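The values are calculated or read from the model by the stated rules, or taken from the named source; none is laboratory data. Keep in mind that this is a model prediction, so the values were computed, not measured. Cβ placement follows ideal geometry from the backbone for every residue including glycine, while neighbour counts extend to all protein chains displayed.
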Amino acid sequence: MAKMIPAFGPVDNDSYGEKTVYALLKEGLPDDFTVIHSLPWLSSAARHLGMKLPPSGEIDFLVLHRIYGVLALEVKSGIYRVDGPIFVHLKTNNNVDVVKQTRNNAHGLARWLGGATTLRLRIGYGFIFPDSYFDDKVINTAMVDASVRPFRKIFIDKSQLPEVAKYTIDIMQYWKTALENSDLGSERLQLIIKSICPHFDGTPDLGTRIIYDNQLWLKLTHEQIKVIELLSKYQRFVVTGWPGTGKTLIGIEFARRLVRDQKKVLFITFNNRLSEYIRQQTPDSLCDVFTWHKLCHQARNRLALPPESPTDWFESGCCEDLLSALNKNKLKDYDALIIDEAQALHSSWLETLFCWFKNKRIIAFCDETQTFSFEKGTNHTDLQRIINSQFSFSLTIVLRCPKAVTDYLMSIRPSSYQITSPRSNEPDTLKELVVIDPIATLLNEILRLKSSSVTPDEITVLVPTDLVKNFLQKDMKTFDINIETVSRFRGMESPVVITLDSSNMEDAQLFCAYSRATTAFIAIYDSEKLAWREHNSFLKQLVNRKEIQQTINEAKHNSSSKVLMADFF
């Protein structure tokens, strides 16, 4: 397996071909090959050395080997036809002189390296067309050497893609002979890598991985767009899915599309933080975003009722006030209703909304794995019945959460349908720490994260109650780190999430907390509390590990000794 830079996956772009080539080169090339994708560190290296960048942009793949030398590979996704030296992309009709572009990149890189390292390199180049098929045709005289027998091609098309690693080695061998290059050697190879990627040690720091995850996993995908197009055919439907499957993202895109069609949209959530986030994503005046509670208070205000709501008002009185405001035309007239966190809304609230939007579009998103014990929510079946759903759709691809977290959650709470994660398995993205001093451990983890290029605004600490939050808020403010209760952070996300007082969280809180992280999750458990409390599903799995059992037994022994000594004295 080749050594890949970056090691954690291909740099995000719109080229599915590059992602395929990355995977095939990684698996197909032997471990003495190094492959750099998109030269991700080149610009920072150039700035550091005070040098100009290569004149014509980046190289898709740079393949290095101590014997075969250096090869620049250009990947051209999509189907192309050839018009002399020009390649024409059939879908976009864009023209590109592929050979000239790649030659400029390869020669520019050679000049740049010459200035950075005094190395004098002759770099070969090649082309990969993952979606095009050219058979044995001489598609371009610069891509086929007809002076040798058999002809030597320096391009790889769709038919050869499964063996792209083999053909890449063939092209490198060709260029070594054609350019009369001597062996590159291990020293020169390492010098090139250090010049291009000055901080590369094989493992990207967490800050780099956060940038990568944000670019690749947190955007609306082609698959999710297809879901939107499918569901757009229905007037009423429910979308369910695990945390990280893109429910809120799809809801926001639905709102944007409706607004583009000049439709007035009401977007309802339960969580105030989530409501604020959605409002930022849908700033158009045609889309109003409210929590259920704020919507009801608006109705009460329009009815000129006292702002202080009566006791148990949210049990029934809020619905009566909302309907009264509607009947008196005190509220806006909307064309569509979108509900996120629908599982957290009481059935009577949903029935009231249904009366309001009886003959209009209703879209509801729910996740029953995130219903807390103190909530009187609505299950999936009742939700479908209440809004008279025509269709129910389950999202099954978890994109937002690290794969290690998704796999762990599936072991805690198996699903009745198949859940998949396309992300690479990175075991260090999930840490569960059972410790004697949770506060000291929290501070140490924050310092460790900062040393790994993680900024304070990329860290969120989640706790079970306001009491714990208020106790820690001053300390977290010193670090400029956000702290929140799990229930208020439902539906939100953070690159790094740390839970404190995890031992006092119920299953639903832990499930929600673990799934808030987009790059790394850290749970801190108090060993003494674990030793004496009843274990829920999460804690049973945790305490059954041998290394954890030893820590808990020690904590139990120490706490028992403290009690005995206190009684003695």
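If I go through the stretch 353-366 residue by residue, how many of them are at pLDDT below 95 and either crowded, with 20+ Cβ neighbours inside 10 Å or among the charged types (D, E, K, R) (or both)?
The number of residues fulfilling the criteria is 1.
Counting only residues that are at pLDDT 90 or above and closer than 24 Å to Ala178 by Cα, give me the strands (runs of 3 or more DSSP E) lying completely in the stretch 27-115 with at least 3 of them.
33-37, 61-65, 69-75
If we scan the stretch 284-291, do we find a residue that is among the small types (Gly, Ala, Ser) and closer than 17 Å to Lys332 by Cα?
Yes: one or more hits.
Which of the residues belonging to the stretch 210-228 are modelled with pLDDT of 85 or more and of a type in the set (A, V, I, L, M, F, W, C)?
Within the stretch 210-228, Ile210, Trp217, Leu218, Leu220, Ile225, Val227, Ile228 meet the criteria.
Given the criteria at pLDDT 95 or above, among the hydrophobic types (A, V, I, L, M, F, W, C) and in contact with a helix residue (DSSP H, G or I) (Cβ under 9 Å, 6 or more places away or on another chain), does Trp313 qualify?
no
Taking the stretch 421-434 as the search range and keeping residues that are surrounded by 13 or more Cβ atoms within 10 Å (Cβ to Cβ) and at pLDDT 90 or above, which one is nearest to the chain's Cα centre (by Cα)?
Ser421
Being of a type in the set (D, E, K, R) and crowded, with 16+ Cβ neighbours inside 10 Å is the filter; apply it to the stretch 270-301 and report the residue that is farthest from Ala364 (Cα to Cα).
Here the residue is Arg300.
State whether one or more residues within the stretch 185-206 are at pLDDT 90 or above and not in a helix (DSSP H, G or I).
yes
What is the one condition in (1) modelled with pLDDT of 95 or more; (2) touching a Phe, Trp or Tyr at 6+ places or on another chain (Cβ under 6 Å); (3) farther than 24 Å from Lys219 by Cα; (4) hydrophobic (A, V, I, L, M, F, W, C) that Ala440 does not satisfy?
(2)
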